[in-house]
Ligand code: HEM
Ligand code: HEM
Ligand SMILES: [Fe+2]
């Protein structure tokens, strides 16, 4: 841009990933603190310093922020590559946008410690910070659209992948809007909250994830584009069809009319379908190149679609039926689902993106994968264990608190152990994550003598 500052698009995208990884690392100690504060009784001064609600807000907001930054960096790259370009429209604006979002996020998170929060889990950022987020989002939308437009004008290239990606990012930005306001009516407030959270993770993020997955499959496995596009459209169409009205599964007990029980249940039980297709599609295409399937990135992609289906489709599908949800609503079973779904659907996919692009940016042809594989195994094993421990705690909670009618605190007494195990599994996860983050920062070529 402008000539005075020559900035490499790849370098800017690299910064996105670095910041995303730093925020991801910071997310984890807060998770361990959360789980352990169910198991132990921390002294009051610790609780005063970091109240549970603050730690929870930090844990989940860092999650949303690092994932959004990861998708934005990946999105810029895809827009550029699919448009046949070697730079995005404006690397300068992309950097500016990164700085704006980073400042908004970090200021917001520090603010949580001083009680500066708007409430509503995952979207606690106060209004002033929301304005910064919107500024960042608008710059992103303009910049990525201009990049795609330039690809079209210069090279006549605008692929199905770019189209679904663009749709996903536009929806994501628009859906943020209802969540920035405060509603006096509590039903309205929760409705607005779910419009953001549900339609994000089960709608627009799902579109972005399917576009990213399709891009990686197309580029890395060399499968015919026509086949990839066909699947992409079917998945995206089904996601929208089932996911939009599937929002009803959050309107069962929040003061909405009864018909949501039927609407929510009928549409959301279909939600696993596109996820199953995504799994099937990715598996077939990955197997197209067996040596790739057994590589680090192939493994990350494969386990992403598997755990996406299990965590979101099976776990979520189980809780979505009103007669199940009546008993399980808002228990540790929900937490169990939330972790496996986020990890499978978005975290693993983003890790694949980080590995592919960061090693490409460093000019690495034959990546040294050992550390990556080890960290993948530790993280995934720990995450599965953690999900099972939350599941145990949740089952106890449902039996004692919901069915037997014990008080919340009495039931907690029996859940402590499992939450303690979750904290321990969480420490394992953090160790695996540390190896991965280190590995991504210091990627290297596979040397001849190191296998
Ligand atoms: C070090 C590992 C981690 C531990 C020990 C941990 C633990 C926890 C705990 C105890 C909660 C609060 C549950 C409650 O309010 O009762 C929580 C919330 C949450 N965490 Fe984690 N977490 C970890 C890593 C992660 C990762 C890697 C992700 C995403 C991929 C994640 C996503 C979430 C989400 C979405 C929530 C909100 C869940 C809900 O509202 O149901 N966490 N975490
Ligand atoms: C990648 C996709 C998904 C992610 C990341 C995800 C994540 C989450 C999270 C974090 C929550 C807890 C929110 C809170 O109360 O704080 C939640 C709740 C819920 N999810 Fe999902 N989810 C996904 C897909 C699905 C699917 C496909 C279904 C159904 C088929 C589903 C059904 C539910 C239900 C019914 C609840 C409410 C549970 C309750 O009443 O406590 N989810 N989800
Ligand atoms: Fe939902």
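The values are calculated or read from the model by the stated rules, or taken from the named source; none is laboratory data. Everything numeric here is computed off the predicted structure, so don't read it as measured data. Virtual Cβ from ideal backbone geometry, glycine too; neighbours counted across all protein chains shown.
Residue 67 - would you say it is within 13 Å of ligand 1 (Cβ to nearest atom), under 23 Å from residue 356 (Cβ atoms) and in contact (Cβ under 8 Å) with a residue 24 or more places away in the chain?
yes
Where in region 1-104 are there helices (runs of 4 or more DSSP H), lying fully within it, with 3 or more residues that are buried (at least 17 other Cβ atoms within 10 Å of the Cβ)?
Filter on region 1-104 gives 9-39, 52-82.
Please tell me if residue 265 is surrounded by fewer than 16 Cβ atoms within 10 Å (Cβ to Cβ) and farther than 20 Å from residue 353 by Cα.
No, not satisfied.
(1) buried (at least 22 other Cβ atoms within 10 Å of the Cβ); (2) away from ligand 1 (no atom under 16 Å from the Cβ): which one isn't true of residue 234, the others all being true?
It is condition (1) that residue 234 fails.
Give me the pairs: first residue in region 314-335 and over 17 Å from residue 247 (Cβ atoms) and modelled with pLDDT under 95, second residue within 11 Å of ligand 1 (Cβ to nearest atom) and assigned to a loop (DSSP other than H, G, I, E, B), beta-carbon distance under 8 Å, and six or more apart or on different chains, which are they?
Every condition considered, no pair remains.
Among the numbered criteria (1) more than 20 Å from residue 65 (Cβ to Cβ); (2) buried (at least 17 other Cβ atoms within 10 Å of the Cβ), which one does residue 206 miss?
(1)
Count, please, the residues in region 225-258 that happen to be in a helix (DSSP H, G or I) and over 23 Å from residue 163 (Cα atoms).
5
Tell me yes or no: at least one residue of region 420-429 is away from ligand 1 (no atom under 14 Å from the Cβ) and out of contact with any helix residue (DSSP H, G or I) (no Cβ under 6 Å at 6 or more places or on another chain).
Scanning region 420-429 turns up no residue that is away from ligand 1 (no atom under 14 Å from the Cβ) and out of contact with any helix residue (DSSP H, G or I) (no Cβ under 6 Å at 6 or more places or on another chain).
Restricting attention to region 160-170, does a residue exist that is in contact with a helix residue (DSSP H, G or I) (Cβ under 9 Å, 6 or more places away or on another chain) and surrounded by fewer than 17 Cβ atoms within 10 Å (Cβ to Cβ)?
Yes - at least one qualifying residue is present in region 160-170.
Look at residue 217 and say whether it is buried (at least 23 other Cβ atoms within 10 Å of the Cβ), within 30 Å of residue 290 (Cβ to Cβ) and away from ligand 3 (no atom under 13 Å from the Cβ).
In short, yes.
Could you check region 273-297 and list, in sequence order, the residues that are within 21 Å of residue 357 (Cβ to Cβ) and without any contact (Cβ under 8 Å) to a residue 60 or more places away in the chain?
291, 293, 294
Checking residue 286 against (1) closer than 27 Å to residue 421 by Cβ; (2) away from ligand 2 (no atom under 16 Å from the Cβ); (3) buried (at least 22 other Cβ atoms within 10 Å of the Cβ), which test does it fail?
All conditions pass for residue 286, except number (1).
Out of region 319-365, which residues are part of a helix (DSSP H, G or I), within 13 Å of ligand 3 (Cβ to nearest atom) and more than 19 Å from the chain's Cα centre (by Cα)?
If the condition is that a residue be part of a helix (DSSP H, G or I), within 13 Å of ligand 3 (Cβ to nearest atom) and more than 19 Å from the chain's Cα centre (by Cα), then 319, 325 are the ones that fit.
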